[in-house]
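Q: I have a structure I would like to understand better, so I am pasting it below and will then ask my questions one at a time.
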Amino acid sequence: MEANTLIDPSAPVGVFDSGVGGLSVLRHIRQALPREDILYVADSAHAPYGSKTPQQIQARALALAEFLAGQGAKALVIACNTATAAAAPLLRERYGMPIVGMEPAVKPAVAATRSGVVGVLATSGTLQSARFAALLENYGRGVRVVTQAAHGLVESVERGEVDTPQTRALLWQYLEPLLQEGADTLVLGCTHYPFLRRLIQSLVGEGMTLIDTGAAVARQLHRRLEAAGLLRQDTHAGVEHFWTSGDAATVQRIIRRLWEDEKIEVHRL
Ligand code: DGL
């Protein structure tokens with residue numbers, strides 16, 4: 001175990017995802033922690049993670065964590081359910097800094113459902129993981145949890161296609177069976193899916209509650225930084241820096257659109 005002796009509240013927070021999905025988490029982090037500088041890596045050359053083996057995802061997570069640690073990150077956020085399921089324990093073994101991961105919001109969904117049927121939309125990597133099985137075992141009792149691996153949705157978001165007829169048709173394939181099963185609560189179990197929230201809600205109707213974990217992750221990061229004495233408390237206005245392992249110009253175009261800032265620069269990893 002490599003102890004992290006860095007106690008510098010002005011150091012940045014490192015965030016990574018297989019691509020641009022983690023921006024949905026970054027949005028909440030920015031709101032909850034306006035003073036923190038954030039380093040964001042989109043591992044676009046290796047997206048999607050959902051169809052990769054746990055070993056392949058672990059190798060990528062280690063490479064990205066190493067990069068972010070090298071840039072001076074004081075904490076890491078794994079803004080990806082699939083990478084958390086595959087690699088969070090490994091990263092925690094390797095680094096002493098606070099590491100915040102994420103998992104599908106089964107617990108709040110079970111508390112929210114009235115019909116007793118909860119739908120979970122996630123990648124196959126997440127749904128097949130031991131971590132997800134444990135989540136169902138611990139919190140899924142007493143309700144029916146219907147899971148749906150949503151192949152192709154990550155790629156749609158990566159292309160910036162968050163409101164096209166093709167994405168709508170693909171989504172309907174996954175959502176219709178959940179509606180037929182009687183689900184009234186839907187867990188968005190992949191960080192790419194909040195970018196499809198409007199489209200999803202228009203397909204399933206206002207009666208379906210959609211739940212994601214971005215805000216909870218931001219709160220957890222706040223708690224972890226505070227507990228470690230790493231919370232930035234000066235008057236600095238936090239800035240974001242972006243990298244990608246993919247084509248910088250392409251990813252920059254998508255990030256500018258999803259982050260709603262035309263001035264963002266994305267660098268090649
Ligand atoms: N955004 C990711 C997640 O939360 C990963 C998607 C993927 O690359 O398959 O699961």
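Q: Given the structure, is SER24 open to solvent by 10 Å² or more (accessible area, probe 1.4 Å), within 12 Å of the ligand (Cβ to nearest atom) and hydroxyl-bearing (Ser, Thr, Tyr)?
A: Yes: the conditions hold for SER24.
Q: Looking at THR126, THR84 in this structure, which one is within 30 Å of ILE7 (Cβ to Cβ) and within 11 Å of the ligand (Cβ to nearest atom)?
A: Being within 30 Å of ILE7 (Cβ to Cβ) and within 11 Å of the ligand (Cβ to nearest atom) holds for just one of THR126, THR84, which is THR84.
Q: Here's another thing I want to ask about it. Could you tell me whether the range 144-151 includes any residue that is of a type in the set (Lys, Arg), more than 20 Å from TYR174 (Cβ to Cβ) and open to solvent by 10 Å² or more (accessible area, probe 1.4 Å)?
A: The answer is no; no qualifying residue exists.
Q: Please tell me if THR209 is closer than 23 Å to PHE132 by Cβ, more than 18 Å from the chain's Cα centre (by Cα) and open to solvent by 40 Å² or more (accessible area, probe 1.4 Å).
A: Taking the combined requirement at face value, the residue satisfies it.
Q: Return the residues of the range 175-193 that are within 18 Å of HIS151 (Cβ to Cβ) and crowded, with 19+ Cβ neighbours inside 10 Å; say none if nothing qualifies.
A: Within the range 175-193, LEU175, LEU178, LEU186, VAL187, LEU188, GLY189, CYS190, THR191, HIS192, TYR193 meet the criteria.
Q: In the range 87-109, which residue that is open to solvent by 20 Å² or more (accessible area, probe 1.4 Å), in a helix (DSSP H, G or I) and in contact (Cβ under 8 Å) with a residue 60 or more places away in the chain is nearest to HIS28 (Cα to Cα)?
A: PRO108
Q: Quick check: anything in the range 232-245 open to solvent by less than 30 Å² (accessible area, probe 1.4 Å), part of a loop (DSSP other than H, G, I, E, B), modelled with pLDDT of 95 or more and more than 22 Å from ILE7 (Cβ to Cβ)?
A: Yes, some residue in the range 232-245 is open to solvent by less than 30 Å² (accessible area, probe 1.4 Å), part of a loop (DSSP other than H, G, I, E, B), modelled with pLDDT of 95 or more and more than 22 Å from ILE7 (Cβ to Cβ).
Q: Could you check, for the range 111-125, whether at least one of its residues is open to solvent by 50 Å² or more (accessible area, probe 1.4 Å), under 22 Å from ILE78 (Cα atoms) and without any contact (Cβ under 8 Å) to a residue 60 or more places away in the chain?
A: Checked the range 111-125: no residue is open to solvent by 50 Å² or more (accessible area, probe 1.4 Å), under 22 Å from ILE78 (Cα atoms) and without any contact (Cβ under 8 Å) to a residue 60 or more places away in the chain.
Q: Also, I was wondering about something else. For the range 13-22, check the following and say yes or no: at least one residue is touching a residue at least 24 places away in the same chain (Cβ under 8 Å), assigned to a helix (DSSP H, G or I) and not aromatic (Phe, Trp, Tyr).
A: no
The values are calculated or read from the model by the stated rules, or taken from the named source; none is laboratory data. These numbers were taken from a predicted model, which means no experiment stands behind them. Cβ: placed from backbone, ideal geometry, glycine included. Neighbour counts: every protein chain shown. We work out accessible area using only protein heavy atoms, side chains counted, and drop any ligands, DNA or RNA first. Shrake-Rupley method; radii C 1.70, N 1.55, O 1.52, S 1.80 Å.
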